[in-house]
Ligand code: TYM
């Protein structure tokens, strides 16, 4: 892997079991493309997962499942470094340093925390959930990442990363690269099929609006066909007035490579049913091989675990170097071995 390539880093939580279409189109699809041009580090963020209660056996299974899905989506361990966050202890170590650099008020302004803790109630929300974005900062800075491919909902966390990197560099000397968010306009936010003004999310109020990649293809087709659109009939991309149709067009365009303009032309004079029926076919064609590839990786846990072990080793080499530099800058006495 050429080290003169710019570096990317990103992560995904192993909490939901199946990835959903928003995860794939908003993030993972870009991860696959970027491994061709960048020095790429991708991880399953199990430390982040335990900010809400997890069943241990389920967490272990979901961590393997997440890695299997990333490989099924096209990550190639010869082209990128794929690893599990808890296998690289430097994440928690740098996370602590970053905690000590973050203002309490600054952390309180993170909107994802506010949303999640409002749902759970302040008493049940953990301190880990509160400091979640700061661990994410450490994830990114440890690898001196230039770009972070994510969906729109992560933008604020990347901004925080830049702020803290700058603060550290100014106070203690140049140490960290300032990363940029890599968010695609077309797919940075994929919407719920039943409520096309809300982000597609595993915590959506109705499962009918959520496309899980590992669902039965039949179920996926059904969900696409019953997507909420509007009372008009014209297939036109207009996010403000036609959020449902626009969301379907974005998904369709990204999965097939046809432009939105081409799709508008294709469905001129046709009803929404035609668009939905065809998109259902496109989706089924996409998820069917994805499911079987995922299953093939799960059927061979030894290979999967060895990919993750090699990934952790490569990741650790980079992370340890950055952590050592950061510890030195902070003024920690070096440990003698
Ligand atoms: P997570 O696991 O919630 O989501 C994984 C990725 O999917 C994107 N995403 C979406 N994109 C478009 N439309 C949607 N509806 C949609 N829903 C989810 C997310 O933006 C994300 O990119 N905090 C992160 C994980 C993380 C991380 C990191 C990311 C931990 N450390 C370091 C980057 C760098 C998260 O919870 O993602």
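Structure data summary
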{"quantity": "On Cα atoms only, tilt of 272-298 relative to the major axis of the chain in degrees", "calculated": "40"}
{"quantity": "Residue of 121, 22, 11 that the Gaussian network model of the chain assigns the largest fluctuation, springs spanning Cα pairs under 10 Å", "calculated": "121"}
{"quantity": "Ranked list, fewest to most other Cβ atoms within 10 Å of each Cβ, for 337, 91", "calculated": "337, 91"}
{"quantity": "Share of Cα-Cα pairs in region 224-337 lying beyond 25 Å, as whole percent", "calculated": "54"}
{"quantity": "DSSP-defined antiparallel bridges as percent of all bridges, the chain, nearest 5", "calculated": "15"}
{"quantity": "Principal semi-axes in Å for the chain [√(5λ), Cα gyration tensor, largest first]", "calculated": "36, 22, 19"}
{"quantity": "Packing-based ranking, highest mean first, of 255-262, 31-38 given that Cβ atoms within 10 Å are counted", "calculated": "31-38, 255-262"}
{"quantity": "Full-extension gain in nm, residue 264 to residue 321, via 0.36 nm per residue minus C-alpha separation", "calculated": "15.4 nm"}
{"quantity": "Degrees separating the helix 127-142 axis from the principal Cα axis of the chain, which is the longest one", "calculated": "80"}
{"quantity": "Helix 56-73 axis, angle to the chain major axis (alpha carbon atoms, nearest 10°)", "calculated": "70"}
{"quantity": "Ellipsoid equivalent to region 185-242 - semi-axes via the Cα gyration tensor, in Å", "calculated": "20, 14, 11"}
{"quantity": "Relative contact order, percent, region 168-279 [alpha-carbon distance under 8 Å, six or more residues apart]", "calculated": "21"}
{"quantity": "41, 104 arranged by Cβ crowding within 10 Å, fewest neighbours leading", "calculated": "104, 41"}
{"quantity": "Most fluctuating residue given options 271, 304, 59, as computed from a GNM of the chain linking Cα atoms under 10 Å", "calculated": "271"}
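FYI, it's all coordinate maths here, none of it is from the lab. This one's a predicted model, so the numbers in the text were calculated from it and none came from an experiment. When we count neighbours, we look across all protein chains shown, and the Cβ atoms used for this are built from the backbone with ideal geometry, even at glycine.
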